[in-house]
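In what follows, a single structure is set out as structure tokens and then discussed.
The values are calculated or read from the model by the stated rules, or taken from the named source; none is laboratory data. Treat the numbers as computed from the prediction; the structure is a model and nothing was measured. Using ideal geometry, Cβ is built from the backbone for each residue, glycine included, and neighbour counts are taken over all protein chains shown. Protein only, heavy atoms only, side chains kept; ligands, DNA and RNA dropped before computing areas. Shrake-Rupley method; radii C 1.70, N 1.55, O 1.52, S 1.80 Å.
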Amino acid sequence: MYLTVTPSAAAKIKKAQDQTANQVLLLDFDDGVGAFSRVGSCTLASVFRVLLADDRLDLHDYDQDLASNIGNFKIKGYSKMYMDQQMKLDLNPKNQMLRLTGANAGELTAALMLEAISPESV
């Protein structure tokens, strides 16, 4: 399984990173599981997000790595069932939102949130 991050998407992520903190890239499947979820525990609205998580946080839910051309993203292992073997994270030039697509499934999430998570924000 591999995630290709386009140069424009990589630039958006880099701009959002806090250069003074040690952050871990998370490709979060926001399904209500974990401390960072923005949805309830019983939801049908499952989407992916890119989180820039402070490495001091408890990241035990993110138990596997997803390789990419900008480094590994931590993921919830069970979320692989929603992913394709080859995926792409791109920037939509019209709305400047990140977009996740799969080689077989097509669009996985049309507009991914990009959010920094710190001990102060949890």
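Structure data summary
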| item | result |
| --- | --- |
| Accessible area in the full protein assembly, largest first, 1.4 Å probe, for Y82, Y62, Y2 | Y82, Y2, Y62 |
| Cβ-based net charge around T6, under 12 Å, with every Lys or Arg adding one and every Asp or Glu removing one | +2 |
| At R0 = 35 Å, FRET efficiency that the Cβ-Cβ distance of D18 and K94 yields, to 0.05 | 0.80 |
| Paramagnetic label zone (point 7 Å from Cα along Cα-to-C-beta, M1; backbone N under 17 Å) in the stretch 72-94 | 72-89 |
| Size of electric dipole in the chain: Cβ of Lys, Arg +1 and of Asp, Glu -1, about Cα centre, debye, nearest 20 | 440 debye |
| Residue with peak Gaussian network fluctuation, the chain [Cα springs, cutoff 10 Å], from N22, N95, N69 | N95 |
| Around L108: net Lys/Arg minus Asp/Glu count, Cβ-Cβ under 14 Å | -2 |
| Links that overshoot a 21 Å alpha carbon limit, given the list K14/K88; K14/K80; K15/K80 | K14/K80; K15/K80 |
